[in-house]
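Okay, structure first, notes after.
Computed from the coordinates by the stated procedures, all read-outs in this text should not be read as laboratory data. Just so you know, these numbers come straight off a predicted model, no measurement behind them. Neighbour counts are summed over all protein chains in view; Cβ atoms, including those assigned to glycine, are modelled from backbone coordinates with ideal geometry.
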Amino acid sequence: EAGVTQSPRYAVLQEGQAVSFWCDPISGHDTLYWYQQPRDQGPQLLVYFRDEAVIDNSQLPSDRFSAVRPKGTNSTLKIQSAKQGDTATYLCASSFRLGANYAEQFFGPGTRLTVL
Amino acid sequence: GDSVTQMQGQVTLSEDDFLFINCTYSTTWYPTLFWYVQYPGEGPQLLLKVTTANNKGISRGFEATYDKRTTSFHLQKASVQESDSAVYYCVLGDMLSGSFNKLTFGAGTRLAVCP
């Protein structure tokens, strides 16, 4: 079974440029997450979806970041006007909801973003 | 809010040494706690899970026990191998979301095992 795939694997931008990250979750997984992982830190949740609906985007810097999952499968995270502070690895994860029980999150390899 | 503290940023051991990584947490709810491991160039993967019901988790030779009195959650392994070199994250699951979708990661402990 294929895991979570992400593209591109690396991106280098100048400040002010825009960038999009793409995620293909594990087939059948209804929940999709985007995390930001600054260098030498743990991942921090930005947003997560159940099917096509945003469940929680409270940690997403809404003025420059946006995320969509229009058909409840693939997802795109976009940064408008990137800043040096956005330099980090962006991880996508997916899981299959099991009612009230814990559903393991499976992570992709991430996209490493450098903003110069 | 929920928080997780890992004080050991880096641990260097030799093969067959004993591993102990400490973690403390803060939450207003009964916690579900996880250890995730991240190898270079990969995303984190679940190593083990511990709930208030069982207090202890074991996986791949690793063992974790949580202590409600001290709000600590330690990871240990009797004999490490070079292949265990990775970053280990202590993670707290948010019970409020019902299915632990919101995970709070610690800063991570980088383990280097020398042959």
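List the lysines whose Cα sits under 19 Å from the Cα of B:Lys56, skipping any in the same chain fewer than 8 residues away.
Partners found: B:Lys68, B:Lys77.
Average partner chain C-beta neighbours within 10 Å, per residue of A:43-51?
Details: counts 10, 3, 6, 0, 0, 3, 0, 2, 0.
Mean shielding by partner chains, rounded to a whole number: 3.
Report the one residue of A:Tyr48, B:Val11, B:His74 whose Cα lies farthest in the direction of the positive end of the charge dipole of the protein assembly as shown (charges on C-beta: Lys and Arg +1, Asp and Glu -1; origin at the Cα centre).
The Cα lying farthest towards the positive end belongs to A:Tyr48.
Within 10 Å of each Cβ in peptide B:42-48, how many partner chain Cβ atoms are there on average? Round it to a whole number, please.
Values: counts 6, 16, 10, 5, 5, 0, 0.
Shielding by partners across B:42-48 averages 6.
Across peptide A:63-72, what mean number of C-beta atoms from other chains lies inside 10 Å of a residue's C-beta? Provide the component values of the computation, followed by the final result.
Details: counts 0, 0, 0, 0, 0, 0, 0, 0, 0, 0.
Other-chain Cβ atoms within 10 Å of each residue's Cβ, averaged: 0.
Would you work out which of B:Tyr36, B:Phe62, B:Thr52 lies farthest towards the positive end of the dipole of segment B:24-84? Charges go on Cβ: Lys and Arg +1, Asp and Glu -1.
Working it through, the farthest residue towards the positive pole turns out to be B:Thr52.
Which of these, B:Val87, B:Val11, B:Val50, has the largest mean-square fluctuation under a Gaussian network model of chain B (Cα springs below 10 Å)?
Residue with maximal mean-square fluctuation among B:Val87, B:Val11, B:Val50: B:Val11.
Across segment B:41-46, in residue order, what do the Karplus-derived ³J(HN,Hα) couplings come to in whole Hz, using 6.51 cos²θ - 1.76 cosθ + 1.60 with θ = phi - 60° and x for Gly and Pro?
x, 10, x, x, 10, 5
List, in order, the whole-Hz ³J(HN,Hα) value for each residue of segment B:23-35 obtained from phi through the Karplus relation with A = 6.51, B = -1.76, C = 1.60 and θ = phi - 60°; use x for Gly and Pro.
8, 10, 9, 9, 7, 8, 10, 5, x, 10, 10, 9, 10
By per-residue mean of other Cβ atoms within 10 Å, what is the highest-first order of B:18-25, B:105-112?
Working: B:18-25: 17.5, B:105-112: 19.6.
Per-residue Cβ counts within 10 Å, averaged per peptide and sorted highest first, yield B:105-112, B:18-25.
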